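The structure that follows is given in the form of structure tokens.
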Amino acid sequence: MNQHWHWQTWQNYSYLTCDLLSPWQHGFFTQEFYPRTPEDLTSIWRLSYPKGLPQVNASDQDTASRSPITAYRVKQIHGNLVLTPQEITDTLHQHHLADKLAEADAIISDRPQQSVWAASADCTPVLIGDVVTGQVCAIHAGWRGTAQKIVPQAIARFLDSGSEKSALRIAIGPAISGKMYQVDQRVAIEVSQTIMPDNNLEPEILNKLKQLPNAPILDDQLSGKVRLNVPRVNQIQLEQPGINLEQIAIAPYCTFQKQDLFFSYRRTGEKKVQWSGIVSK
């Protein structure tokens, strides 16, 4: 389960990388980096190529030095809107909000040397790259965004840009695990209907999903409650339109349980986040 995932260090701080995304500078950063911003974290890549990231030749280094990496983030609202950096700029200009953040939950690059970021503290961060075009995307997929199929929305943006499904590589980062995430059955049903939409018998949909391999729904001791595996739901949402399992990796770390590494809103109620980001090529 850990085969795709590798811990890197920067000044004794740890962050996680996925070998599916090895062509890109990327990282799922831990709470140790708090309160650094995406701009701060991007500068780590601008200054050095940490162990585990791809090395570049001299001409590539010259190009990188001439082309500063620009960081992009949004105000996350638990929706399914995917924006490009140009769309972010246009939105802020249109509404005269130059000093604000655009509202969305995913950013997909439209040029090289753009770092795109998602914040999380139990919600699922997803990083995607196209090995042919170099285009990348960062996604914040909480249960609400997952219920609105934000990850398939991002895949659609890739396809609209000319990507082939077979060229996509998807890393689903550290999030609260299914066995720790207690939710109301109503929430679970809303999310589950994205992967079993033709089932009109709502209580039955949960029972059917409990029978799946690596079930996205688990039993709970309390009546009216279940445990929901949001990363697994996102994986199924990707598999259903034909993305191969070999193109997807799920991080084996639970934000709720790994309190030495990750903030968890469910665990502490604190509004602190860790960042996940990737740089387009």
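I'd like the carbon and sulfur percentage of the solvent accessible area for the range 186-238, probe radius 1.4 Å, heavy atoms only, ligands and nucleic acids excluded.
48 percent
Taking the dipole about the Cα centre of the range 63-203, with the C-beta of Lys and Arg at +1 and of Asp and Glu at -1, give me whichever of Ala118, Ile69, Ala154 is farthest to the positive side.
Ile69
Can you list which of the trypsin sites (Lys or Arg not before Pro) found in the range 67-150 are DSSP loop residues with at most 11 other C-beta atoms within 10 Å? It would help to have the intermediate numbers written out before the result.
Details: sites: Arg73, Lys75, Lys100, Arg144, Lys149; in loops: Arg73, Lys100, Lys149.
Loop-located and lightly packed - Lys100.
Another one. Among (i) 54, 36, 35; (ii) 61, 45, 35; (iii) 60, 40, 40, which one is Cα extents along the principal axes in Å computed from these coordinates?
Answer by label: (iii).
What whole-number distance in Å separates the alpha-carbon centres of the range 1-46 and the range 220-281?
Using only Cα atoms to place each centre, the spacing works out to 17 Å.
Another one. What does the net charge come to around Gln153 if you take all other residues with beta carbon closer than 14 Å to its beta carbon, with K and R at +1 and D and E at -1?
It works out to a net charge of 0.
Label points 7 Å out from Cα along the Cβ direction at Gln257 and Glu202: separation in nm?
Going from the Gln257 label point to the Glu202 one covers 3.1 nm.
Pull out a ≥ b ≥ c, the square roots of the eigenvalues of the alpha-carbon gyration tensor of the range 93-149, then state rounded if a/c is under 1.5, prolate if not and a/b is larger than b/c, and oblate in the remaining case.
Numbers: a/c = 2.05, a/b = 1.02, b/c = 2.01.
Because a/c hits 1.5 or more and a/b fails to exceed b/c, the range 93-149 counts as oblate.
Based on DSSP loop calls and a cut-off of at most 16 other Cβ atoms within 10 Å, the longest stretch of the chain free of exposed GluC sites (Glu not before Pro) is what?
With GluC sites (Glu not before Pro) excluded where exposed in loops, the chain gives 1-163 as its longest stretch.
Let me ask something else. Between Asp99, Asp160, Asp184, find the one with the highest GNM mean-square fluctuation for the chain; connect C-alpha pairs within less than 10 Å.
Asp99
Highest GNM mean-square fluctuation, the chain, Cα pairs closer than 10 Å: which of Asn80, Asn207, Asn12?
Residue with maximal mean-square fluctuation among Asn80, Asn207, Asn12: Asn12.
Shape of the range 162-281 from its Cα gyration tensor (a ≥ b ≥ c, root eigenvalues): rounded if a/c is under 1.5, otherwise prolate when a/b > b/c, or oblate? Could you put the intermediate results ahead of the total?
Details: a/c = 2.27, a/b = 1.09, b/c = 2.08.
Judged from the Cα gyration tensor, the range 162-281 comes out oblate (a/c at least 1.5, b/c at or above a/b).
If the elastic network links every pair of Cα atoms under 10 Å, which of Ala188, Ala138, Ala175 fluctuates the most in the Gaussian network model of the chain?
Highest fluctuation among the options: Ala188.
Let me ask something additional. Please compute the net charge surrounding Arg186, taking Lys and Arg as +1 and Asp and Glu as -1 over other residues with Cβ under 15 Å from its Cβ. Can you show the working numbers first?
Working: positive: Arg144, Lys225, Arg227; negative: Asp184, Glu190, Glu202, Glu204, Asp220.
Cβ neighbours under 15 Å give a net charge of -2.
Just to confirm, what accessible area per residue do you get for the chain at 1.4 Å probe, in whole Å²?
For the chain, the per-residue accessible area is 48 Å².
The values are calculated or read from the model by the stated rules, or taken from the named source; none is laboratory data. None of the values given here were measured: they were computed from a predicted structure. Because the Cβ atoms are built from the backbone with ideal geometry, glycine has one as well, and the counts that use them run over all protein chains shown. Note: areas computed on protein heavy atoms with side chains; ligands, DNA, RNA excluded. Shrake-Rupley method; radii C 1.70, N 1.55, O 1.52, S 1.80 Å.
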